[in-house]
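Engineer: Take this structure, written in structure tokens, and hold onto it; I'll ask about it next.
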Protein chains: 2
Amino acid sequence: MAYRRSALMEERLASNRERILAAARRLIAEGGYREAQIAAVAAEAGMSTGMIYRYFRSKADLFIEVMTAAIARELEILNEIAEGPGTAKARLYAAVESFTRRALTGPNLAYAFIAEPAEPEVDIARIRVRQQLGNVFKAILKEGITTGEFPAQDMDASAACIVGAYTEALVGPIAPKGQRVKDQERLIQSISDFCVRAVSQPINPSGKR
Amino acid sequence: MAYRRSALMEERLASNRERILAAARRLIAEGGYREAQIAAVAAEAGMSTGMIYRYFRSKADLFIEVMTAAIARELEILNEIAEGPGTAKARLYAAVESFTRRALTGPNLAYAFIAEPAEPEVDIARIRVRQQLGNVFKAILKEGITTGEFPAQDMDASAACIVGAYTEALVGPIAPKGQRVKDQERLIQSISDFCVRAVSQPINPSGKR
DNA sequence: ACAAGAAGTGAAGTATGATTCATTCCTTGA
DNA sequence: TCAAGGAATGAATCATACTTCACTTCTTGT
């Protein structure tokens with residue numbers, strides 16, 4: 001026996017893994033899934049393509065891990081808001097605001113994962129992610145309905161609508177890349193207001209019926 | 001000179017074109033963009049792959065045309081509602097209701113046109129489509145704000161949010177494939193209510209600020 | 001310093017699917 | 001009926017990207 005992983009080596013391996021994940025995240029944040037081919041990720045990480053496969057079974061596996069990690073952080077933050085103090089309305093507003101602000105400014109660009117699917121395997125993971133995001137809003141809605149802040153409504157539908165609304169507003173044609181900070185703040189506020197109104201009681205029962 | 005297109009032939013050519021478009025639409029409606037390879041479209045239309053290229057410059061071209069045609073019809077319907085009689089609220093509700101109900105007939109079609117990633121060329125066309133959809137809602141919003149039915153708001157953001165909300169609710173994890181008609185009706189109603197509330201004046205100014 | 005074995009390389013191997021084109025089949029006007 | 005030329009075919013070609021693997025380089029324990 002003439003080789004066994006030393007602590008130093010172990011550390012290097014772990015750091016390689018990290019570098020791959022970071023490189024993939026960077027590329028996806030910049031140019032989306034499309035731009036993040038294995039060859040590009042390898043180049044960005046400063047290693048060979050074959051190396052990637054020493055650390056990840058497949059491209060799909062790699063991206064699922066990138067996505068999961070990025071979203072885990074978002075979910076943590078959102079859950080903290082959801083379980084925090086304040087009225088349901090205030091928490092809903094804060095949750096949407098937080099997510100959209102981070103998506104617009106933060107380097108993680110978590111929303112890229114919500115908006116841009118790819119292989120079936122990744123799609124499945126993405127659906128789970130969306131559900132998790134939806135669940136946060138559902139939790140807030142549930143409380144709000146119980147306390148009477150919000151009218152009774154289909155919480156699944158409302159949660160999906162909220163996720164869809166801010167996603168589209170963030171990545172849709174309305175949101176150009178390099179906007180001024182002032183516009184961004186306005187956009188964040190508009191989206192958050194929209195979502196809060198959407199689940200609140202209107203002055204008189206909605207238009208039809 | 002021994003050959004010139006007869007009326008009969010002209011007609012056949014046009015019918016071929018139609019068949020290709022119809023075949024592509026059918027495949028996209030069934031399995032999304034992913035399932036609609038040129039070979040599959042050709043088979044579905046009962047002709048050879050080469051034939052497709054006699055009528056369309058490229059795959060992207062073909063799909064842009066399918067999408068444009070399908071959405072043109074939707075826009076017609078939506079515009080009729082938007083310009084029709086009734087309060088802004090009632091028209092907004094009717095517009096969302098109409099679109100979602102029609103979309104549930106072929107959910108993948110809606111998804112493919114609105115969300116599924118494709119070639120850059122198709123993406124560009126899709127952005128235009130989204131803007132056009134958003135414009136319909138913007139028009140209704142504008143009137144509603146003028147008449148005082150809706151509070152002042154960023155119409156671009158609201159329109160994008162509306163489009164995103166019903167899209168996500170339709171094709172997201174919340175909307176399973178083969179639901180009962182009763183559930184569908186409930187979903188349509190929930191989504192429409194959500195959108196109307198979202199742009200209407202809440203009883204007291206929204207949570208924060 | 002050495003060799004055993006792991007880490008790392010990147011060009012070749014595959015897979016998928018769009019596009020082309022040499023060839024065949026049809027239509028048309030004489 | 002015939003031949004000129006367009007319509008149609010589909011196997012071959014091209015393009016793109018993921019994945020593998022024979023080979024090289026590096027680490028480690030003796």
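Engineer: How big is region B:39-160 along each principal axis, measuring the range of its Cα positions in Å and listing the largest first?
Structural biologist: 58, 26, 20
Engineer: Sorted by packing (mean other beta-carbon atoms within 10 Å per residue), highest first, where do A:59-72, B:40-53 land? Kindly include the intermediate steps, with their values, before the conclusion.
Structural biologist: Values: A:59-72: 19.6, B:40-53: 16.4.
Highest to lowest by the protection proxy: A:59-72, B:40-53.
Engineer: Roughly speaking, what % of Cα-Cα pairs in region A:23-101 are separated by over 19 Å, rounded to a whole number?
Structural biologist: Taking all Cα-Cα pairs of region A:23-101, the fraction more than 19 Å apart is 49 percent.
Engineer: In nm, one decimal, shortest first: how far is the label point of B:V181 (7 Å from Cα along Cα to beta carbon) from the matching points in the other copies?
Structural biologist: Those label-point separations list as 5.7 nm.
Engineer: Based on other C-beta atoms within 10 Å, arrange B:L92, B:L8, A:L21 from fewest to most.
Structural biologist: Details: B:L92 31, B:L8 8, A:L21 20.
Arranged by neighbour count, lowest to highest, B:L92, B:L8, A:L21 become B:L8, A:L21, B:L92.
Engineer: Once phi is turned into θ = phi - 60°, what whole-Hz ³J(HN,Hα) does the Karplus curve with 6.51, -1.76 and 1.60 give for every residue of region A:96-105, x standing for Gly and Pro?
Structural biologist: Ordered by residue, 3J(HN,Hα) equals 5, 4, 4, 5, 5, 5, 4, 5, 6, 10 Hz.
Engineer: Which of B:K182, B:K138, A:K142 comes first, and how do the rest follow, when ranked by fewest Cβ neighbours within 10 Å?
Structural biologist: On the way: B:K182 8, B:K138 18, A:K142 14.
Ranking B:K182, B:K138, A:K142 by Cβ neighbours within 10 Å, fewest first, gives B:K182, A:K142, B:K138.
Engineer: Any idea what the A:E76 label distances to the other copies are, label 7 Å down the Cα→Cβ vector, nm, shortest first?
Structural biologist: 5.4
Engineer: If you don't mind, there's one more thing I want to ask. Greater than 27 Å separation of Cα atoms is the criterion. Which listed pairs, A:K182/B:K142; B:K59/B:K182; A:K142/B:K142; A:K59/A:K142; A:K182/B:K89, meet it?
Structural biologist: Working: A:K182/B:K142 23 Å; B:K59/B:K182 38 Å; A:K142/B:K142 32 Å; A:K59/A:K142 38 Å; A:K182/B:K89 30 Å.
The answer is B:K59/B:K182; A:K142/B:K142; A:K59/A:K142; A:K182/B:K89.
Engineer: Could I ask something else about it? Starting from a label point 7 Å past Cα on the Cβ side, list the distances from A:G46 to the same position in the other copies, nm, shortest first.
Structural biologist: Shortest to longest, the spacings are 6.2 nm.
Engineer: Also: Taking N as the number of residues in region A:1-52, what is its alpha-carbon radius of gyration divided by 2.2 N^0.38 Å? Before the final figure, lay out each step's value.
Structural biologist: Details: Rg = 13.4 Å, N = 52, 2.2 N^0.38 = 9.9 Å.
Working it through for region A:1-52, the quotient is 1.35.
Only the coordinates and a few stated rules stand behind these numbers; no lab work does. All of these numbers come straight from a predicted model, not from anything done at the bench. Heads up, the Cβs are rebuilt from the backbone with ideal geometry, glycines too, and the neighbour counts pull from every protein chain shown.
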